[in-house]
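All remarks here apply to the structure that follows.
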Number of protein chains: 2
Amino acid sequence: MQEINTIMEQSQAAFRTYSQLPAAVRAQFLETVAAEIEARREQLVTIAGAETNLPAARLNNEINRTNNQLKMFAAYIREGSWVEAAIDTADAARVPAKPDTRKMLLPAGPVVVFGASNFPFAFSTAGGDTASALAAGCTVVVKAHSAHSGTSREVFTAILKAIAACGMPEHTVQHVEIPGHATGKALVAHPLTTGVGFTGSLQGGKALLEYAAGRENPIPVFAEMSSINPVVFYPDTLSQNADTLAKSYAASITLGMGQFCTNPGLLLAIGSEATDNFLRLLADEIEKTIPQKMLHSGIHASYVRTMETVLSQDGTVLLKTAAQPAQELEATPAVARVNAAQFLQNPHLQEEVFGPFSLAVICEDKTALKQVLATLKGQLTTTAMATPADLETHADILALQTTLAGRIILNDVPTGVEVNASMVHGGPFPATTDARFTSVGTTAARRWVRPVCFQGFTDALLPEALRNSNPLGILRIVNNEWTKSPVV
Amino acid sequence: MQEINTIMEQSQAAFRTYSQLPAAVRAQFLETVAAEIEARREQLVTIAGAETNLPAARLNNEINRTNNQLKMFAAYIREGSWVEAAIDTADAARVPAKPDTRKMLLPAGPVVVFGASNFPFAFSTAGGDTASALAAGCTVVVKAHSAHSGTSREVFTAILKAIAACGMPEHTVQHVEIPGHATGKALVAHPLTTGVGFTGSLQGGKALLEYAAGRENPIPVFAEMSSINPVVFYPDTLSQNADTLAKSYAASITLGMGQFCTNPGLLLAIGSEATDNFLRLLADEIEKTIPQKMLHSGIHASYVRTMETVLSQDGTVLLKTAAQPAQELEATPAVARVNAAQFLQNPHLQEEVFGPFSLAVICEDKTALKQVLATLKGQLTTTAMATPADLETHADILALQTTLAGRIILNDVPTGVEVNASMVHGGPFPATTDARFTSVGTTAARRWVRPVCFQGFTDALLPEALRNSNPLGILRIVNNEWTKSPVV
């Protein structure tokens, strides 16, 4: 594809300049992008509302999050210690003589970002992948999601304004609207692409992995794909808090019509009267929820189809659903149950139903519950709903949960992802393609950099982060000691 | 393979215990492995000498390095800040309420390590991959290299002694000697394997990548494979220091019969009288070197074959060789030259000749030199031999070099790799499979861990690294401030 080739060559040319800019200049640029988005808030909410069926309140919150992310990354690189500067000074007296070696993280090159259908702002054109890559010093090529290309175009206009205002290279960020899988493939396969960010379906993520594996030189693909976010309801809490739990989980399951990566799609409990009571209360709550429109017809059709698949499996029982939809694209929230034995022998029941649906797996005893946990694939989150007495009795269950996911939640719902230094939005496959990274929070920038060691360099030739005087005032490891002091 | 299945299940069972041990206990174990290797030094040098043809002095140095690595990782995890603890405390007043989130790095699971033929100690059974994985809290399955299986077995005996002495789980490290590619494939493909470490050929590394890509759940493969370590001789230094440069580079090219990943296989210069003079001096030095035995017949045959391939390419001229070998397995050091135009159009000339051979690419002008640099694939190292005047005139060349490799060396030879916090032994493909990591130095441990976020946990349920009182006294990011202070 000649057009993609031109775009990637432009990205590479821009990278040569952009990657050399001081972090403070990149920080200013990120903040200007946020300001330009803020200046267009009204239009953006209108366009995105029409394209995604998401309510204005949610879209406004998402714009807040997007702008906060941009500002968070600006603060992160302005502080500067994230480059992991490490310095070992020379020792001429050692035999053989010890050279001076200094290491820091440097941007890898142009990054390709795929817009996500379910987050038109926070995981799309100027979302977390773009913000983290720009913070790291990489240029970005955004493949707009076709379900909200108007929104994407308007956000890109905000970015272009910021590029002009801050004097960034013209092609620091580029916007690709050419539809079709061939475009995505050409972007991932292009020799100048050095990394890929994606949030979407398992099928989509696996396709990108395959394109990357077909390259002459493999590159990192960070795809956040598929998670059913198992929630374990421990016995004691079920007998004490069934009503509260039912209310909070019905709300979490149906929040945003379940269109979140962290939607609780799997509920686990040991069978008991208390468990049956909880399921009854939960089903009643689900029944009361009001169907709302999903993002687009593809997601809606997939919700109906995957839920039908789950419900048609042996032993799966539908508990209750909300009212049937009154309009096109509306989803009917639902909850079903199945026994552990049937769950264990049927991999279909582990497949994500993207939408307001949850499957309760009822285990005859603790052994069965542990078997189910051991069978589960990698997840973004897993949650323990448990009293102190539960946790004392069942430490082994919590330990098993810890091996399963990137985020382990105690007594809360998995929906709602903080954007900060301690967040992990990642997890073992198929939650993501690489459990060593997160796509949310400051360390998301690590996906787009590589460490470089400078050996025997004179001070003036070194990047500022590695110079003796520590002009950036960052925390460094100097001869194995963490310090902000200059090298003397 | 039933046997591999048993081994991986044992590794997983050991991981459950080993991964939970305090870092101080793991540190003590690593130091005990070093002590047990030290106690066997004499036998190890004898066995390895017979198996690898490496001289005793080199083997003794390599044992020193191996033991220093083990002790370095022990110190690294005892200090403890490497787990990247990050804490964001709750804020109930925020709308919506902000939960307490705390993140740290946790070991991923069993790791498979392939012994390297060229480093029977430092990159084999108790080498850098094993030491870094054990430090990280992972259990290890070592696939012994068939070229030095006796050495490997003896090192494994030392590890077993340390396991017993320190009361580690029996299968914390296991040793696989079943020969053949099928064994390696079964180890990489096994569902319980969570990471792979390898140092070897491009062909071998690519095969491991392929096995990993064929898994249901992809896992990280860190393979250090192929690098020709381009050295750029800048014009001014060639006219001033030709004699010294020729001596030091002949020594580096032939060190250990060129059997190092960082061997300078490609020399770049702009054509001139000074360049011709330097090449003449270098060829004379190469001619004087004495052939020595290579590691094994496979490496020797490959050296002869790949050098012949390079020498048979259009425009390649053999400058000089050392004396022809007097004994089987001896390698003849050699140096050749080719013009940039021919190099640019012939990808064969970028292939690694593993052994004491170097190809000088003579460029008609600076433009050609920059074209050659832009054409080169990813490298472990690249070196600039340059005076201050050179660097002032040719900053653009140094900038190009910086994009090429994991380590950029100024006025030294690339052979010799420091093992410390600032080393990068890594680089873009095909130098390694993932430029974001290093296989040498403290941060090599990062390859085997994943971040985990604990949300809403009470203090007693948290890992020590994340508790309010900071009982380990490590550096943490608490509400965006780097501190060793407790959370109040």
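Here are the numbers:
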| read-out | value |
| --- | --- |
| For the range A:230-410, with +1 on Lys and Arg beta carbons and -1 on Asp and Glu, the positive-most of A:Gly406, A:Thr382, A:Leu311 along the dipole | A:Gly406 |
| FRET efficiency, 1/(1 + (r/R0)^6) with R0 30 Å, evaluated for B:Asp243 and B:Ala341 via beta carbons | 0.55 |
| Cβ-vector label at 7 Å, A:Val95, separations to other copies in nm | 7.4 |
| Within chain A, longest stretch free of exposed trypsin sites (Lys or Arg not before Pro) [DSSP loop, at most 13 other beta carbons within 10 Å] | A:95-483 |
| Amide hydrogen neighbours beyond the local backbone of B:Leu266, cut-off 5 Å, H modeled | B:Val231, B:Leu359 |
| Tilt relative to chain B, helix B:149-166 - C-alpha long axis, 0 to 90 degrees, to 10 | 30 degrees |
| Shortest-first distances to equivalent copies, position B:Arg153, nm, label 7 Å out along Cβ | 7.2 |
| C-alpha long axis of helix A:41-52 to longest principal axis of chain A, angle in ° | 50 degrees |
| Partners for B:Lys185 among aspartates and glutamates (Cα-Cα distance below 19 Å; same-chain residues under 8 apart left out) | B:Glu3, B:Glu9, B:Asp129, B:Glu177, B:Glu210, B:Glu216, B:Glu224 |
| Karplus-derived HN-Hα couplings along the range B:440-457 (A = 6.51, B = -1.76, C = 1.60, θ = phi - 60°), whole Hz, x at Gly and Pro | 10, x, 4, 6, 4, 5, 4, 5, 10, 10, 9, x, 10, 9, 9, 10, x, 7 |
| Shape parameters for the range A:311-415, alpha-carbon atoms, Rg then Dmax in Å | 15.4, 49 |
| For the A-to-B rotation axis, chain A residue with nearest beta carbon and its distance in angstrom | A:Ala213, 3 |
| Antiparallel DSSP beta bridges within the range B:230-410, percent to nearest 5 | 20 percent |
| Selected from A:Leu373, A:Pro486, A:Thr332, residue furthest toward positive end of dipole (chain A; charges at beta carbon) | A:Pro486 |
| 25 Å Cα-Cα reach of A:Lys71 towards lysines, excluding residues that sit fewer than 8 places from it in its own chain | A:Lys143, A:Lys161, A:Lys484, B:Lys98, B:Lys103 |
| Cα-based reach from A:Lys377 at 16 Å (exclusive), listing lysines while leaving out same-chain residues under 8 positions away | A:Lys206 |
| Value of Rg/Rh across chain B [Cα atoms, Kirkwood radius] | 1.02 |
| The range A:381-430 - Kirkwood radius from inverse mean 1/r over Cα pairs (Å) | 11.8 Å |
| Interchain or long-range residues, amide H under 5 Å from B:Val478's placed H | B:Ile87, B:Thr483 |
| Kirkwood hydrodynamic radius of the protein assembly as shown, Cα pairs, Å | 29.4 Å |
| Normalised contact order of chain A, rounded percent, pairs of Cα under 8 Å and 6 or more residues apart | 18 percent |
| Label-point gap, in nm, between B:Arg58 and B:Lys366 - each point 7 angstrom along Cα→Cβ | 4.0 nm |
| Charged-residue dipole, Cβ positions (Lys, Arg, Asp, Glu), the range B:153-220 about Cα centre, Debye nearest 20 | 80 debye |
| Beta bridges by DSSP in the range B:80-172, antiparallel share as percent, to the nearest 5 | 50 percent |
| Distance histogram for the range B:39-96 (every C-alpha pair counted, 5 angstrom bins, percent rounded to whole numbers) | 4, 14, 15, 11, 9, 8, 8, 7, 5, 4, 4, 3, 4, 4, 0 |
| Folded to 0 to 90 degrees: helix A:366-375 orientation relative to chain A principal axis, Cα | 40 degrees |
| Positive dipole terminus of the range B:230-410, leading residue within B:Leu391, B:Thr321, B:Ala242 (C-beta point charges) | B:Thr321 |
| Rounded to 5, percent antiparallel among DSSP beta bridges of chain B | 35 percent |
| Cβ charges +1 (Lys, Arg) and -1 (Asp, Glu), total dipole of the protein assembly as shown, debye | 480 debye |
| Contour excess over end-to-end distance, with Cα ends at A:Ala399 and A:Ser297 and 0.36 nm allotted per residue | 32.7 nm |
| Phi-based couplings in Hz for the range B:319-324 (Karplus 6.51, -1.76, 1.60; Gly and Pro marked x) | 7, 8, 10, 6, 4, 5 |
| For q = 0.09, 0.12, 0.19 Å⁻¹, Debye-computed log10 I/I(0) when each Cα of the range B:230-410 counts as one equal scatterer | -0.28, -0.51, -1.32 |
| Cα centre as origin, Lys/Arg/Asp/Glu Cβ charges: the range B:173-261 dipole, Debye | 140 debye |
| Once exposed loop GluC sites (Glu not before Pro) are cut out (DSSP; at most 10 other Cβ, 10 Å), longest piece of chain B | B:1-215 |
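A short reminder: the numbers here are calculations on the coordinates, not readings from a lab. For clarity, every value in this text was computed on a predicted model and none was experimentally measured. Don't worry about glycine lacking a Cβ; one is built from the backbone with ideal geometry, like all the others, and counts go over all protein chains shown.
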